[in-house]
Amino acid sequence: MREGVWRLLLGVWLCACGEGALPVDSAGPWSQEAVLDYSKQFALGTPQSVGLDEGGNLWLLDGARVGVLRPGDSKPTWTSGVGQAGKGFRSSVVCGGGAGSAYVGYLAEELAQPRRDDLDDPVFLEGDLDVVRLRPDGGVALEQHLVIRNTNDPHYDEDRSVLTCVRVARGAFRGELYLGTNHGVTRVRGLDYNAHRHPVFKNASGSLRIGYTYAVGLAQDGDVLVGNEWKVGIVTPPAALGDWDDLAKVPWKLDTYVEALGSQEDMDLWRGFVQTKDGAYWLGSAKYGVWRLTPTPRAYERLEGLPTQRIRALAATPDGALLVGTEDRGLWRRAPDGTLARVEGVAGERVLQLVVDDGLRPAMVLALTEQGLTVLRVRWL
């Protein structure tokens, strides 16, 4: 009888966790160990992408299946063929949403001509973003497919592939999402969005260069940091979702390229853009390593001492450190005093993703590699 009552109470608690957001600055329901291999602890396997929702549920993406590890579970529950996955589209990333929900990004072929006269053309349904929700049994169901079109003219289907996503974990815009796509940065608020904005330039022949946006981050004050194949930008998000793409109302605070790496027409391949607690901005390139950016007066300085210049992800943590995820030499940490060392306890050489939930104390850092997921709990300083 006692065991049955305990299981019933645990089930009620889990259901509440899935439906209600955790208080900001709470420890949350997960282990506070400094370093814990979640793939071993919870039989996660080697997912391609991970995310936390506001209820503390851990979301996992592995091809055509989506998994959820709820607090108290010993292993995730997987669901296959949800939404776009059931139509054969290739998944890319998962990002936690409100408590018990998540966003799953997909890839689709770019259109030679993105304009369509017919707003009901089925081509608009390809790729984009699924909003999914946790079922009481731990499985996943589709809530809505978000068809991302140009907000100014919905006849244009430019943002078709979601390459990265960042959830805002604290502040006035908590719960919002920023998507890096094949065409720019889309801002998502619940089931609404604004697409898009991007730092661009024209090459010598007059062709517009936009670039895939793999680097999207948040500054310490909530500014949005953007890096594509050529350029980088910083923008303060407006309160009105409809103003996100309005360059007259919301101009770039920074819209430039890194002159130290060559001409503007040379691809710099940005894969990470973050700001550490000391105010320093950091850029990570798939080919040219990590660079410290000083906006005013403009200056660039390469971070020396890394064993590789092939960077996949950057993250800033509440203790003032910079985490550097590499393509082929694992996860590294630059401490606030400038010392650089590999992060012990994180298995794997290829870092796939770094996710920081700084709405928790200690913060949770999801470090995903080709060998699985390790979670770091980082104290606020």
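The values are calculated or read from the model by the stated rules, or taken from the named source; none is laboratory data. On a predicted model such as this, the values are computed, not experimentally measured, just so you know. Cβ: placed from backbone, ideal geometry, glycine included. Neighbour counts: every protein chain shown. Heavy atoms of the whole protein, side chains included, go into the accessibility calculation; ligands, DNA and RNA do not. Shrake-Rupley method; radii C 1.70, N 1.55, O 1.52, S 1.80 Å.
Which number in (1) open to solvent by 10 Å² or more (accessible area, probe 1.4 Å); (2) under 17 Å from R271 (Cβ atoms) marks the one condition that A367 misses?
Evaluating A367 over (1) open to solvent by 10 Å² or more (accessible area, probe 1.4 Å); (2) under 17 Å from R271 (Cβ atoms) leaves (1) as the failure.
Got at least one residue in segment 252-268 being in contact (Cβ under 8 Å) with a residue 60 or more places away in the chain and either open to solvent by less than 60 Å² (accessible area, probe 1.4 Å) or hydrophobic (A, V, I, L, M, F, W, C) (or both)? Quick ask: steps written out before the conclusion?
At the first step, the residues of segment 252-268 found to be in contact (Cβ under 8 Å) with a residue 60 or more places away in the chain are 264-265.
Of the ones still in play, those that are also either open to solvent by less than 60 Å² (accessible area, probe 1.4 Å) or hydrophobic (A, V, I, L, M, F, W, C) (or both) are 264.
Among the residues of segment 252-268, at least one is in contact (Cβ under 8 Å) with a residue 60 or more places away in the chain and either open to solvent by less than 60 Å² (accessible area, probe 1.4 Å) or hydrophobic (A, V, I, L, M, F, W, C) (or both), which makes the answer yes.
Give segment 216-230 a look and list any residue that's over 17 Å from the mean Cα position of the chain (by Cα) and open to solvent by less than 10 Å² (accessible area, probe 1.4 Å), or say none.
Across segment 216-230, there are no qualifying residues.
Look through segment 54-72, keep the residues that are open to solvent by 10 Å² or more (accessible area, probe 1.4 Å) and touching a residue at least 40 places away in the same chain (Cβ under 8 Å), and return whichever of them is farthest from L368 (Cα to Cα). Break it down stepwise before answering.
As a first pass, look at segment 54-72 and keep what is open to solvent by 10 Å² or more (accessible area, probe 1.4 Å): 54, 62-65, 70, 72.
Going one step further and asking which of them are touching a residue at least 40 places away in the same chain (Cβ under 8 Å), we end up with 54, 70, 72.
On the way: E54: 19, R70: 18, G72: 21 Å.
Only one residue fits best here, namely G72.
Of everything in segment 253-268, what is part of a loop (DSSP other than H, G, I, E, B) and over 21 Å from the mean Cα position of the chain (by Cα)? Give them in sequence order. Break it down stepwise before answering.
Applying the first criterion (part of a loop (DSSP other than H, G, I, E, B)) to segment 253-268 yields 253, 257-258, 262-268.
K253, Y257, V258, G262, S263, Q264, E265, D266, M267, listed by residue number.
Pick from segment 79-90 the residues that are free of Cβ contacts under 8 Å to residues at least 60 places away in the same chain and touching a Lys or Arg at 6+ places or on another chain (Cβ under 9 Å): which of them is nearest to S39 (Cα to Cα)?
This residue is S80.
Within segment 107-122, work out how many residues are over 14 Å from V147 (Cβ atoms) and charged (D, E, K, R).
Looking only at that region, the number is 4.
Looking only at residues in segment 101-113 that are within 22 Å of the chain's Cα centre (by Cα) and not acidic (D, E), which one is most open to solvent (accessible area, probe 1.4 Å)? First the steps, then the outcome.
At the first step, the residues of segment 101-113 found to be within 22 Å of the chain's Cα centre (by Cα) are 101-110.
Keeping just the survivors that are not acidic (D, E) gives 101-108.
Numbers: S101: 9, A102: 0, Y103: 16, V104: 2, G105: 0, Y106: 4, L107: 41, A108: 18 Å².
Checking each candidate, the answer is L107.
Within segment 114-131, work out how many residues are open to solvent by 70 Å² or more (accessible area, probe 1.4 Å), over 29 Å from the mean Cα position of the chain (by Cα) and in contact (Cβ under 8 Å) with a residue 24 or more places away in the chain.
Within segment 114-131, the subset open to solvent by 70 Å² or more (accessible area, probe 1.4 Å) is 115, 117-118, 120, 122, 125.
Checking which are over 29 Å from the mean Cα position of the chain (by Cα) leaves us with 117-118, 120.
If we keep only those that are in contact (Cβ under 8 Å) with a residue 24 or more places away in the chain too, we end up with 117.
The number of residues fulfilling the criteria is 1.
What pairs come out if I take residues in segment 201-219 that are under 30 Å from G320 (Cβ atoms) and pair them with residues that are charged (D, E, K, R) and surrounded by 19 or more Cβ atoms within 10 Å (Cβ to Cβ) whose C-beta lies under 7 Å away, six or more apart or interchain?
If the second residue must be charged (D, E, K, R) and surrounded by 19 or more Cβ atoms within 10 Å (Cβ to Cβ), the pairs left are Y214/R271; A215/R271.
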